[in-house]
Amino acid sequence: MKKQIANWIVKDNIPLNEKHCLLKLTLEESLPEILPGQFVQVKVDNSESVFLRRPISVHQVDRKNQELWLLIQIVGDGTFQLSHLIPGDSLNLIYPLGNGFSIPAGSDKDKKLLLIGGGVGSAPLLYLGAYLKEKGFTPTFLLGARSERDLLQLDEFRKLGTVHITTENGGLGEKGYVVNHSSLLEGDADFIYACGPNLMMLSVARYAKEYAIPCEVSLENRMACGIGACLCCVEKTVKGNVCVCTEGPVFNINQLKWQI
Amino acid sequence: MADLSVHIGKLELKNPVLTASGTFGYGIEYVDFMDLSRIGGIFVKGTTFHPREGNDYPRMVETPSGMLNAVGLQNKGIDYFISDIYPKIKDIDTNMMVNVSGSTVEDYVACAERMNELDKIPAIELNISCPNVKQGGMAFGTNCSGASEVIKAVRKVYHKTLIVKLSPNVTNIAEIAQTAEAEGADAVSLINTLLGMAIDAERRKPVLSTITGGLSGPCVKPVALRMVYQTYKAVKIPIIGLGGISNATDAIEFILAGATAIQIGTYNFIDPEISVKVVDGIHEYLDRHGFQSVQELIGALS
């Protein structure tokens, strides 16, 4: 897929809670092909401390409304500046980057596809779920967060399939971590996609391995270029150190050198 | 339009804008964004005789107006370069040059010898200044005797244009440049990254796996400019200036300080089209000031 660089226009910026917002961006021409799990490199203006672009996963591609959605968690000044964009502002992006999640071959639409997200790591799973649904699959979501306030975009996820929830404080859904959720007891998923904190993904990978379920995780190693030039975001794999920005961010857990 | 061509050793560059090793992959990574033939040349990723896995993650941290890296010369070695990469880059219509590094003098020599064979690689950049490897690299470039030993040995076997990349982590960079000149280098490029460090106060730990790393980006530009200026006064061979260049004005400043050509490094990460924008910007500057050739600007501080 050809990579591009262009200025997108902010169509909307919706605060979700005190730490998160939803940016809706648009382009004048038709949207490019973007796969679930891919990301964009965002140039942050108006910040004295930000130098590098910020890699942000694609949260949703709404072709009907000509929108690309980014779910922003305010962590430092870069994401703080992004949270203050207003409709009409322009945002320079490099896209689409990375490999994206595997999509099952078309024949078996009854496959049980489980999408597990932790915190803001749930972001790419919305577009993945929508994409899978469009292909005729029925995705099931398992979303975990510290508290009910940290669960993001639940209404959007519920439009696409069943949503199971865990919170660490028990404020919504089952109390505990995603891997403790009762729906996992049967171990009957056919494929697991996971994105979230590394410890969460490691737990999911262990669960998947125990039940011999194929599993992909999306990593967010610290990046500089995002296009495979600087070799900074490497992950140890069976093929040696590889760039997460080009060989990932999605990896099958069998490719990783994790202690699964 | 003014003439942008310059010469470095036996090399003719269509313009003085080059991209720095380690920031531009093998050039191929940037073809979606720009026409590679529009720039004077490309220094591809540092290549060593033996394959190297590089350092452990984390290898990078952002700093004010720059970044620290500790990649550690990850590359698949000279044999892989020749068999798998060279065929893909040899027909790119600009000067494709290879940055050569090693742990021992023998490694540098063996790598340089192999580079002689490659018709479409008209020059090498001898990296005696990488701060991120335990052996070799910067160890050769921080004293005159180390630099002399490796440059002399490589000069004996390498017949094309030899550029030596200098470390800024020295007291007197001009001395090292003079050593390079005396040992037969055709040009020097400077600066490589400045040795730096980042600490995570919350975790009370160094951020990089290697503790220290190489600082690059706009924050190093004043240091780089000063070193190019000092070196220009000390040697007759051409200087390739680099360190924090992020626009055409920065490039012009390096040329005024004495650089014949410049390299763009870290800023390629922010704007993958920056190198062609700098070519256009140099044209615009020369026209605006009524210069016929960029060569009139070299060292032309009034």
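Every number here is computed from the coordinates shown, using simple stated rules; none is lab data. Model, not experiment: these values are computed from the prediction. Cβ: placed from backbone, ideal geometry, glycine included. Neighbour counts: every protein chain shown.
Among the DSSP beta bridges whose two residues both lie in the stretch B:171-271, what percent are antiparallel, rounded to the nearest 5? Mind showing how you got there, number by number?
Details: 6 of 11 bridges.
The antiparallel fraction comes to roughly 55 percent.
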Inset, instruction - Express the C-alpha Rg of chain A as a ratio against the empirical globular expectation 2.2 N^0.38 Å, rounded to two decimals. - result: 0.97
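Please rank A:22, A:128, fewest neighbouring Cβ atoms within 10 Å first, as an exposure proxy.
A:22, A:128
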Inset, instruction - Under 1.5 on a/c is rounded, so check that first for chain B, then, if it is not, pick prolate when a/b is larger than b/c and oblate when it is not; a ≥ b ≥ c are the square roots of the alpha carbon gyration tensor eigenvalues. - result: rounded
Inset, instruction - Could you pull out the chymotrypsin sites (Phe, Trp or Tyr not before Pro) across the stretch A:186-244 that fall in loop regions by DSSP (anything but H, G, I, E, B) with no more than 15 other Cβ atoms inside 10 Å? - result: A:211
Inset, instruction - Quick one: grab Rg to one decimal and Dmax as a whole number for the stretch B:68-114, Cα atoms only, in Å. - result: 12.3, 33
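Order these by the 10 Å Cβ neighbour count, fewest first: A:84, A:59.
Fewest to most other Cβ atoms nearby, the residues stand as A:84, A:59.
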Legend entry - Average beta-carbon neighbours from other chains, 10 Å sphere, peptide B:240-253: 0
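Going by how many other beta carbons lie within 10 Å of each one, how would you line up B:155, A:158, fewest first? Don't skip to the end; give the middle numbers.
Details: B:155 19, A:158 11.
Going from sparsest to densest Cβ surroundings: A:158, B:155.
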Inset, instruction - Mind giving me the nanometre distance, one decimal, between the label points for residue A:254 and residue A:222, set 7 Å out from Cα along Cα→Cβ? - result: 3.3 nm
Inset, instruction - Kindly provide the trypsin sites (Lys or Arg not before Pro) of the stretch B:1-71 that DSSP labels as loop, not H, G, I, E or B, and whose Cβ sees at most 16 other Cβ atoms within 10 Å. - result: B:10
Inset, instruction - Work out the mean other chain Cβ neighbour count within 10 Å for the residues of A:217-229 and drop it here as an integer. - result: 5
Inset, instruction - Would you work out the relative contact order for the stretch B:220-279, in percent, from Cα pairs under 8 angstrom that are 6 or more residues apart? - result: 34 percent
Legend entry - Net charge over other residues, Cβ less than 14 angstrom from the Cβ of residue A:181 (K, R count +1; D, E count -1): -3
Legend entry - Column: log10 I(q)/I(0), Debye, Cα scatterers of the stretch A:133-260, q = 0.18, 0.20 Å⁻¹: -1.06, -1.19
Legend entry - Share of Cα-Cα pairs in the stretch B:255-302 lying beyond 16 Å, as whole percent: 46 percent
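When a/c reaches 1.5 or more, the comparison of a/b and b/c decides; with that in mind, is the stretch A:54-99 rounded, prolate or oblate per its Cα gyration tensor? It would help to have the intermediate numbers written out before the result.
Values: a/c = 1.86, a/b = 1.27, b/c = 1.47.
Taking the square roots of the gyration eigenvalues as a ≥ b ≥ c, the stretch A:54-99 is oblate.
Please give the length that would be gained between residue A:83 and residue A:177 if that part of the chain were fully extended, namely 0.36 nm times their separation in residues minus their C-alpha to C-alpha distance (nm, one decimal). Let's see the in-between values first.
Details: separation 94, 0.36 × 94 = 33.84 nm, distance 2.83 nm.
The residue A:83-residue A:177 span can extend by a further 31.0 nm.
For chain A, what proportion of DSSP beta bridges, expressed in % and rounded to the nearest 5, is antiparallel?
Values: 38 of 60 bridges.
Around 65 percent of the beta bridges assigned by DSSP in chain A are antiparallel ones.
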Legend entry - Fraction of beta bridges assigned by DSSP in chain B that are antiparallel (%, nearest 5): 40 percent
Inset, instruction - Provide the descending list of Cα extents for the protein assembly as shown along its principal axes, expressed in whole angstroms. - result: 74, 50, 47
Inset, instruction - Just tell me how shielded B:24-34 is by partners: mean number of partner chain Cβ atoms within 10 Å of each residue's Cβ, no decimals. - result: 4
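Could you state the per residue volume, in Å³, of the convex hull enclosing the Cα atoms of the stretch A:19-139?
Working: hull volume 13.0 nm³, N = 121.
It comes to 107 Å³ per residue, whole-number rounded.
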Inset, instruction - Grab the eigenvalues of the alpha-carbon gyration tensor for the stretch A:1-84, scale each by 5, take roots, and send me the semi-axes largest first in whole angstrom. - result: 21, 15, 12
Inset, instruction - Could you tell me, in Å, what Rg and Dmax come out for the Cα atoms of the stretch A:70-206? - result: 16.0, 49
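Sort B:72-83, A:194-205, A:178-189 by packing, meaning the average of other beta carbons within 10 Å per residue, with the highest value first.
Details: B:72-83: 18.8, A:194-205: 21.3, A:178-189: 15.2.
Peptide ranking by packing, descending: A:194-205, B:72-83, A:178-189.
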Inset, instruction - Mind running the shape call on the stretch B:236-277? Use the C-alpha gyration tensor, a ≥ b ≥ c as the square roots of the eigenvalues: rounded below 1.5 for a/c, prolate if a/b tops b/c, oblate otherwise. - result: prolate
Legend entry - Helix-derived mean residue ellipticity, 222 nm - over the protein assembly as shown, DSSP H n ≥ 4, -39500 (n - 2.57), to 500: -6500 deg cm²/dmol
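Give the relative contact order (percent, whole number) for chain B; include only Cα pairs under 8 Å separated by 6+ residues. If you can, show how the numbers build up before the last one.
Details: 730 pairs, mean separation 62.9, N = 302.
Relative contact order, chain B: 21 percent.
What net charge is computed for the residues neighbouring residue B:144, neighbours being all others with C-beta under 15 Å from the C-beta of residue B:144, Lys and Arg scored +1, Asp and Glu -1? Don't jump to the answer; show the numbers that get you there.
Working: positive: B:152; negative: B:149, B:175, B:181, B:183.
With Lys, Arg at +1 and Asp, Glu at -1, the neighbours total -3.
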Inset, instruction - Please sort by residue number the trypsin sites (Lys or Arg not before Pro) in the stretch B:203-258 whose DSSP state is loop and whose Cβ has at most 13 other Cβ atoms within 10 Å. - result: B:203, B:204, B:236
